[in-house]
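Remarks on the structure that follows.
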Amino acid sequence: MPPVFTPRFCAQCGGKLVANGGLNSGGAPFYCSGCGSPVYEDPKVAVAVIVENGDGLLLLRRAQHDQAHGKWILPGGHVDRGEVVARAGVREVAEETGLEVEISRLVGVYSYQDNPWVLVVYAARPVGGELSAGPEALEIRHFTPEELPWDELGYLSTAHALKDHLSRG
Ligand SMILES: [Zn+2]
C-alpha cells in the first residue's frame, strides 16, 4: 500500500498542526495552532477482489517499486471518497486485468494494529472482457488452490483473504 502521510497543516485555515497528546479536543491526535480545530487521522480504505474462474484464482505480480514489488497480489486499490466500495473493486479489476467482473460475495474486512489501511475483499466472477496485464502488473495468471504462492504474496492481508476464501469452500 502507498505511504500515508501525517497531516501537518489545518484544512480549515492552513495553520500548523500540533500534536495533542490526547489531552483535550475529544482525544484528537492533533489540533490546529491557528483556529484550535481538532484534527483526526481517518483510516484509508482499499478494496481487493478474488476473481475466480475454472482455471483458479487470479493474482498479479506487482510492478510498482515498493515493498511488495515483484510479489503476487490481488487486483485492487484505493476506494475514492464517495465511491461505492464494491464498484471500486469492479473498476480496479477492469483497470488491472482487463476483465469485467460481477461481485459474488464479501470475503472479509482486514485491518491491523497501527496500520492506516482497512482492506475490503470481495469474491467475483468474470462476465466479460479479455485478460491482459495493465501497467501495474508484471505478470498476471490463475493459480489453482494447490499452486498458490504463499511465500511470495505481497501483503499479509492477501494471505488472510485467500485463506478465508478457500476455507469457505
Ligand atoms: Zn485551523
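Read the figures in this text as sums done on the coordinates, not as results from a lab. In this text, all values refer to a predicted model and were calculated from it rather than measured experimentally. Quick reminder, even Gly has a Cβ in these numbers, built from the backbone with ideal geometry, and neighbours come from all protein chains shown.
Among ALA88, THR6, SER167, whose Cα projects farthest towards the positive end of the dipole of the chain, with charges put on the beta-carbon of Lys, Arg (+1) and Asp, Glu (-1)?
THR6
Do you know the relative contact order of the chain, to the nearest whole percent, from alpha carbon pairs under 8 angstrom that are 6+ apart? Numbers along the way, then the final one.
Working: 339 pairs, mean separation 37.7, N = 169.
Across the chain, relative contact order equals 22 percent.
Per DSSP H run of n ≥ 4, the term is -39500 (n - 2.57); total these for the chain, divide by its residue number, and report the mean residue ellipticity at 222 nm rounded to 500 deg cm²/dmol.
Numbers: 2 runs with 26 residues, N = 169.
Calculated mean residue ellipticity at 222 nm is -5000 deg cm²/dmol.
With a sphere of radius 12 Å drawn around the Cβ of GLY77, what net charge do the other residues whose Cβ falls strictly inside it have (Lys, Arg +1; Asp, Glu -1)? It would help to have the intermediate numbers written out before the result.
Details: positive: LYS44, ARG62, ARG91; negative: ASP80, GLU83, GLU92, GLU95, GLU96, GLU136.
In short, -3.
Would you be so kind as to identify which of GLY108, ALA133, GLY77 lies farthest towards the positive end of the dipole of segment 44-168, taking Lys and Arg as +1 and Asp and Glu as -1 on Cβ and the Cα centre as origin?
Result: GLY108, furthest along the dipole toward the positive end.
Out of all DSSP beta bridges with both ends in the chain, state the antiparallel percent to the nearest 5.
On the way: 30 of 39 bridges.
Of those bridges, close to 75 percent are antiparallel.
For a quick check of your reading of the filter: which trypsin sites (Lys or Arg not before Pro) in segment 1-110 sit in a DSSP loop and have no more than 15 other Cβ atoms within 10 Å? Working shown, then result.
Details: sites: ARG8, LYS16, LYS44, ARG61, ARG62, LYS71, ARG81, ARG87, ARG91, ARG105; in loops: ARG8, LYS71, ARG81.
Qualifying residues, ordered by number: ARG8, ARG81.
What list of ³J(HN,Hα) couplings, whole Hz, do you get for segment 29-46 from phi and the Karplus terms 6.51, -1.76, 1.60, once you set θ to phi - 60° and write x for glycine and proline?
x, 9, 9, 8, 6, x, 9, x, 4, x, 10, 9, 9, 6, x, 9, 10, 10
Counting only GluC sites (Glu not before Pro) that sit in a DSSP loop (anything but H, G, I, E, B) with at most 15 other Cβ atoms within 10 Å, what is the longest stretch of the chain containing none of them? Write down the numbers at each step before the final one.
Numbers: sites that count: GLU41, GLU83, GLU130.
No qualifying site falls inside 84-129, the longest such stretch.
Helix 85-97 versus the longest principal axis of the chain: what is the Cα-based angle in degrees, 0 to 90, to the nearest 10?
The two axes meet at around 60 degrees.
Between GLU100 and PHE5, what is the spin-label point distance in nm, taking each point 7 Å from the Cα along the Cα→C-beta axis?
Here the answer is 3.9 nm between the modelled labels.
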